[in-house]
Amino acid sequence: MTAIARASNIRFPHRHLLGIEGLSPDEITLLLDLSESYIEYHRQADKKRAVLRGRTLINLFFETSTRTRTSFELAGKRLGGSVINMSVATSAIKKGETLIDTAMTLNAMHPDVLVVRHPDSGAVKLLSEKVNCALINAGDGSHEHPTQALLDALTIRRRKGRLNGLVVAICGDILHSRVARSNIHLLTTMGTRVRVVAPPTLLPAEIERLGVEVFNDMRRGLEDCDIVMMLRLQSERMHGTFVPSTREYFHFFGLDYEKLSAAKPDAMIMHPGPMNRGVEIDSEVADDIGRSAITEQVEIGVAVRMACLDMLTRTLPLSAAELA
Amino acid sequence: MGANGPPGRVAYVNARLLDPASGLDAPGALLTEGEAIADFGPNLFPDGVPDGIEAIDCHGCCLAPGLVDMRVQLREPGEEHKETIATASRAAAAGGITSMVSLPNTDPAVDGVAVVEFLARRAREVKMVKIFTYAAVTRGLAGREITEMGLLAEAGAVAFSDGVKAVSDPLVMRRALSYARTFDLLIAQHPEEPSLAAGGVMNEGEIATRLGLPGIPAVAEPIMVERDIRLVELTGGRYHAAHLSTAAAVEQIHQAKERGLPVTCDTAPAYFALNETAVGDYRTFAKLSPPLRSEADRRAIGDGLKDGIIDAIASDHAPHDQDSKRLPFAQAADGIVGLETLLALSLELYHNGHLPLLEVLRALTFGPAEILALPAGRFKKGAAADLVLFDLDQPWQIEIDNFRSKSKNSPFDGRPVQGRVLRTVVDGRWIFVHDA
């Protein structure tokens, strides 16, 4: 199946990757299959490919990020593209330029792909209306983080052999989490049973309407699940107090072996990072190589981003230079 | 006559006269003499209009008291790049509005006599639509010390409000209601508990959850309304809840009225014409305060008007330039323009069979005029000739590019509507004539 995805005449029917919501199971499978093929690629010593030769990728990050930005940068470079990183600290936004102006300015430089992270939900969608290039959402506010959901799904699929019929418990700060939303959309689309486990203060209103089961108790939420997906407590997005203390939070919602024992014996532990050890996850559990897929997620992340860059640039018109 | 020269005598003949205050709905004519209504009725001019009187044939169209818009943000002084008294007046005239009441959230805020006098002078200079103003309840709209309400009222402020902010401190609200009673003044509240709304940008619920936007729970409104009603009971002050958006608040006002409390309320077309789904894919033109609510709330607002619980429909005109709206949703300004769409959107209630025509017009004329004790909103011999002539059925499409308002922030762009303002008359003068 990976060979089919790699065949360059297969096209992704969207110009941008703004979110998972709205993608069909076939479209998700296509991206996962292509990502799978790139895992083998970047395990080789010679990682350079020419898929993005002549293409320019701009990483536009309005929010600090290490792993996602680096992951996209590596993905772009390994595919032979030119990669430029722009972060908010050095950008004109700090000088009062609006998001739209920044988009227009960058657009005038004719990048082929813009990878954008922004602290506001919907900001990436707003940018997409103003640019001619392909755009990948690397996380917008509490809305979506599609490449994270794809890499999580691929990690699960590689370990468990399937997505359909598994039980995944997403635990912690669902309210502020774009990772949770993208994962819920992806997994429910692929036939996975999704539970969310959190205190009510960290659950957004009517979350059950997204097709998930809601639990306020860790042990009950983890019961017989195949995957435990932990989320970071996002204190930077919090207005006011959502939990009384990190100590109390860890006591009731932090993942330790005791709570994990409710899950299936071979349940896999995931975390999108960066982890707050001792807040949402116990160090021992996080570092348990038999159970934890946390470093594997990072590795697969690069492959997923290579696949997304490959797929989105296939539909781009050739540049004027190439046509000449 | 008309826009030029002193108004003489004008007869509006062959009209459908509509006066919600008296329940009049009959074919007939209306005569203006100078600035005032001289006479009106079904049997006026049975033998034709005498010489010396200019006759306007209304072709059976509706002639009603000019609209009284009790909630408008003029942006002057301070934000003239968004709207001015002149541009708002032209927009209001085109919307059939003959009196509008300005909120005090200008820069400087309307919290002193000088600003009230400034507005009165500018209104005289522009001389189109009649402009009244609220004054602030608290100095600088800061919610702490009450303003010089007596002096402000003497200077012309028609009521008191902190504009788009709630008077949140219960003690301050108690004192404001209590002190306002001294002069029989009205306090108009933005009924939203600020701590529940803090950080929120749209109605809390499934759509906000999908969009990853922080929600404002609908209970933020009834919590404030409930508290205020208790304070009204305690103080006896007159209270008005502005732009109601929830079913629960409508029910509370209903009960307060049943108990005989001096309580009134209004809503704006957005709250009966749209629901939260209008936000769609982060459309900042659908970002309002209070936010667009659920479908159940939207229906309850329509029912509140039908049942006569909601006394008035105001445009809630909130002009914003592009730079304030072309932003990520959370950063975008709240509010929409509404002067030019007030009548047509309100008439949807009539056209879809929800309300009788006179009831729609009551909420736009006599209803708000009565709340604010304005000498407007009804046909009365000797009263100012403030009128609107409109074609009830004429279909048209709302196009923001045609707005006279300086700002174009409307979620109703492209909406097909019925009911077109043909002529707007203030003090006998034609301040707007639709060119067909």
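The values are calculated or read from the model by the stated rules, or taken from the named source; none is laboratory data. What you see is a predicted model, and the numbers here were worked out from it, not measured in a lab. No Cβ is skipped: glycine too gets one built from the backbone with ideal geometry, and neighbour counts run over all protein chains shown. Calculation scope for accessible area: heavy atoms of the full protein, side chains included, ligands and nucleic acids excluded. Shrake-Rupley method; radii C 1.70, N 1.55, O 1.52, S 1.80 Å.
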Helix A:99-108 versus the longest principal axis of chain A: what is the Cα-based angle in degrees, 0 to 90, to the nearest 10?
-> 40
Would you work out which of B:M149, B:T106, B:S89 lies farthest towards the positive end of the dipole of the range B:57-170? Charges go on Cβ: Lys and Arg +1, Asp and Glu -1.
-> B:S89
At q = 0.20, 0.23 Å⁻¹, what log₁₀ I(q)/I(0) does a Debye calculation on the Cα points of the range B:126-209 give, no solvent, two decimals?
-> -0.87, -1.04
Calculated P(r) tail over 53 Å for the protein assembly as shown, as whole % of Cα pairs = 24
Which distance in nm do the two modelled labels at A:K160 and A:R247 give, with both placed 7 Å along the Cα-to-Cβ direction?
-> 3.6
So how tilted is helix A:67-78 from the main axis of chain A? Cα-based, degrees 0 to 90, rounded to 10.
-> 40
Can you pull the one-decimal nm distance between simple spin-label points at B:H354 and B:E125, each 7 Å off the Cα toward Cβ?
-> 4.0
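In chain A, what is the volume of the convex hull around the alpha carbon atoms, normalised per residue and reported in Å³? Let's see the in-between values first.
Numbers: hull volume 43.1 nm³, N = 324.
Taking the convex hull of the Cα positions in chain A, it is 133 Å³ per residue.
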For chain B, what mean projected area does the convex hull of the alpha carbons give, in nm²?
-> 19.3
At q = 0.21, 0.30 Å⁻¹, what is the log10 ratio I(q)/I(0) for the range B:298-355, with the Debye formula run over Cα points and no solvent?
-> -0.86, -1.19
Only counting protein heavy atoms at a 1.4 Å probe, give the residues of the range B:167-209, ordered by number, whose accessible area falls by 30 Å² or more when the other protein chains are present relative to the chain alone.
-> B:E206, B:T209
In Å, what Rg and Dmax follow from the Cα atoms of the range A:58-168?
-> 15.5, 50
Could you give me the percent of Cα pairs per 10 Å distance bin for the range B:160-313, shortest bin first, beginning at zero and ending with the bin that holds the maximum distance?
-> 12, 42, 32, 12, 2
Helix B:85-94 sits off the longest principal axis of the Cα atoms of chain B, rounded to the nearest 10 on a 0 to 90 degree scale, by 60
Please work out the FRET efficiency for the pair B:E154 and A:E206, using the Cβ-Cβ distance as r and a Förster radius of 51 Å; give the result to the nearest 0.05.
-> 0.50
Looking at the protein assembly as shown, send over the antiparallel percent of its DSSP beta bridges, to the nearest 5.
-> 35
Mean Cβ-within-10 Å packing, highest first, puts peptides A:143-155, B:351-363, A:111-123 in the order A:143-155, A:111-123, B:351-363
So what is the 222 nm mean residue ellipticity for chain A from helices alone, if each DSSP H run of at least 4 adds -39500 (n - 2.57) and you divide by all residues, rounding to the nearest 500 deg cm²/dmol?
-> -11000 deg cm²/dmol
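For B:S178 and B:E295 in the same chain, what is the full-extension length gain: residue separation times 0.36 nm, less their Cα-Cα distance, in nm?
Working it through step by step, the gained length comes to 38.4 nm.
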Alpha-carbon radius of gyration plus Dmax, which is the widest Cα pair, for the range B:293-436 in Å = 16.4, 53
Surface share of carbon and sulfur [accessible, 1.4 angstrom probe, percent] for the range B:66-371 = 49
Roughly speaking, what is the stretch gain from A:E299 to A:T188, that is 0.36 nm per residue apart minus the C-alpha to C-alpha distance, in nm to one decimal?
-> 37.6 nm
Using a 10 angstrom cutoff on alpha carbons, build the Gaussian network for chain A and name the most mobile of A:V302, A:V243, A:V179.
-> A:V243
Helix-only [θ] at 222 nm, chain B, -39500 (n - 2.57) per DSSP H run of 4+, per residue, nearest 500, equals -8000 deg cm²/dmol
Log entry, pair A-B: total buried accessible area, probe 1.4 Å, protein chains only, in Å² rounded to 100, is 1600
For A:D266 paired with A:K48, estimate the spin-label separation in nm (one decimal), with each label point 7 Å from Cα along the Cα-to-Cβ line.
-> 4.2
